[in-house]
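The values are calculated or read from the model by the stated rules, or taken from the named source; none is laboratory data. Quick caveat: nothing in here was measured; it's all calculated off a predicted structure. Neighbour counts are summed over all protein chains in view; Cβ atoms, including those assigned to glycine, are modelled from backbone coordinates with ideal geometry.
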Amino acid sequence: MIVAVLGTGTMGAPMARQLSGRAFGEVRVWNRSPEKAAPLAQEGFVVTDDVAGAVTGAGAVMIMLTDGEAVLAVLEEALPAMDEGAILVQTSTVGLDASERIALAAHEAGVTLIDAPVLGTRQPAEAGELVVLASGPDEAIDRCGGIFEAIGKKTYRLGEAGTGTRVKLVVNAWLVSLTESLAETLALAGSLGVEPETFLQMIGRGPLDVPYAHVKGGLMARRDYEPPSFALDLALKDGRLVLDAAARADLALPVVAAVVAQMARASEAGLGGQDMAATYELSWPVR
């Protein structure tokens, strides 16, 4: 199978690298900003100048872009050029509206869609330890099993296409809330003269422990947000997608709404390109 990877940013490039050396006929890559894909040419990847050149002849097309509008724009070029029988593996976090539009576009083009957003950030992507939330026809997921084994440590089969996106939104509601709650907890600790490490030690390996708290809490304690594992602006985008989904169900999520508002303020303060842990900087005055 020839595999095409559309999008070689923070997540797409390491995901493409995990495919290298596997039992694929060829791994092609394309990126909207060509300079981001250029280094991959030195690693044996076929870097194409256009989307059609990447997807023509590919048995699977994996797409990892920033948001739903970016995915839909690229699909306008990709879907008409994809071969009959090719599978679209959509791994971006796009929200309900875009997910439905992507599914419709794939259906109209006669292309099988696997909706497969991933759990994990840059480091798990670099280690091939993402969690894949695969939804779509079982036969198509079987055919793409080698791709999922390469990029992830676990693949969940979640039913019809679109379910993966819904599960990802649920997980992201918890993720952004946890990060902001942690930031405020550590800010409170600092205001009381308690070191962040003391709090993290107290919850360690007990019923209150969350491994993710140690990852982000360490960044907050060091106030070190570069390079971003998951940029604050992307977390803000995902939080807004959660609120959009809740609004469709007439569901109020006041905690997530407060988190989104706080992250928006952090973004406006110039922290959007840093790791999402930088929301800590908005929780209390800079020392």
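Having 2 or more residues that are hydroxyl-bearing (Ser, Thr, Tyr) and either free of Cβ contacts under 8 Å to residues at least 60 places away in the same chain or under 27 Å from Thr48 (Cα atoms) (or both) is the bar; report the strands (runs of 3 or more DSSP E) wholly within the range 72-166 that clear it.
On the way: elements: 87-90, 112-115, 130-134, 152-157.
The qualifying strands (runs of 3 or more DSSP E) are 152-157.
Of the residues Gly272, Gly206, Gly218, only one is within 29 Å of Leu130 (Cβ to Cβ), under 21 Å from the mean Cα position of the chain (by Cα) and not assigned by TED's automatic domain parsing to the domain that holds Val94; which? Steps first, answer last, please.
On the way: Gly206 fails: under 21 Å from the mean Cα position of the chain (by Cα); Gly218 fails: under 21 Å from the mean Cα position of the chain (by Cα).
Exactly one of Gly272, Gly206, Gly218 is within 29 Å of Leu130 (Cβ to Cβ), under 21 Å from the mean Cα position of the chain (by Cα) and not assigned by TED's automatic domain parsing to the domain that holds Val94, namely Gly272.
Across the range 219-256, which residue is nearest to Pro196 (Cα to Cα) among those that are of a type in the set (A, V, I, L, M, F, W, C) and loosely packed, with under 15 Cβ neighbours inside 10 Å? Out of the qualifying residues, it is Val255. With respect to the conditions (1) over 27 Å from Pro254 (Cβ atoms); (2) out of contact with any Asp or Glu (no Cβ under 6 Å at 6 or more places or on another chain), Ala187 falls short on a single one, namely (1). Does the range 31-54 include one or more residues that are aliphatic (A, V, I, L, M), out of contact with any Ser or Thr (no Cβ under 7 Å at 6 or more places or on another chain) and in a loop (DSSP other than H, G, I, E, B)? No, the range 31-54 contains no residue that is aliphatic (A, V, I, L, M), out of contact with any Ser or Thr (no Cβ under 7 Å at 6 or more places or on another chain) and in a loop (DSSP other than H, G, I, E, B). Go through the range 171-197 and report how many residues are out of contact with any helix residue (DSSP H, G or I) (no Cβ under 9 Å at 6 or more places or on another chain) and outside any helix (DSSP H, G or I). Result for the range 171-197: 2.
Counting only residues that are surrounded by 22 or more Cβ atoms within 10 Å (Cβ to Cβ) and not in a loop (DSSP other than H, G, I, E, B), the range 2-16 holds 8 of them. When the range 103-160 is filtered for residues that are farther than 17 Å from Ala58 by Cα and polar (S, T, N, Q), the ones remaining, listed by number, are Thr121, Gln123, Ser135, Thr155.
Within the range 263-279, the set of residues being surrounded by fewer than 19 Cβ atoms within 10 Å (Cβ to Cβ) and closer than 21 Å to Leu243 by Cα comprises Ala264, Arg265, Glu268.
State whether the residues of the range 165-173 include one that is modelled with pLDDT of 95 or more and buried (at least 24 other Cβ atoms within 10 Å of the Cβ). Step through it out loud before you land on a result.
Filtering the range 165-173 down to residues modelled with pLDDT of 95 or more leaves 165-173.
This time we only want the ones that are buried (at least 24 other Cβ atoms within 10 Å of the Cβ), so: 165, 168.
Yes, the range 165-173 contains a residue that is modelled with pLDDT of 95 or more and buried (at least 24 other Cβ atoms within 10 Å of the Cβ).
Quickly run through the range 132-154 and pick out the residues that are among the acidic types (Asp, Glu) and over 20 Å from Ser99 (Cβ atoms). Listed by number, the residues that qualify are Glu139, Asp142, Glu149. Asp67 meets the conditions (1) touching a strand residue (DSSP E or B) at 6+ places or on another chain (Cβ under 7 Å); (2) closer than 30 Å to Tyr225 by Cβ; (3) crowded, with 16+ Cβ neighbours inside 10 Å in every case but one. The failed one is (1).
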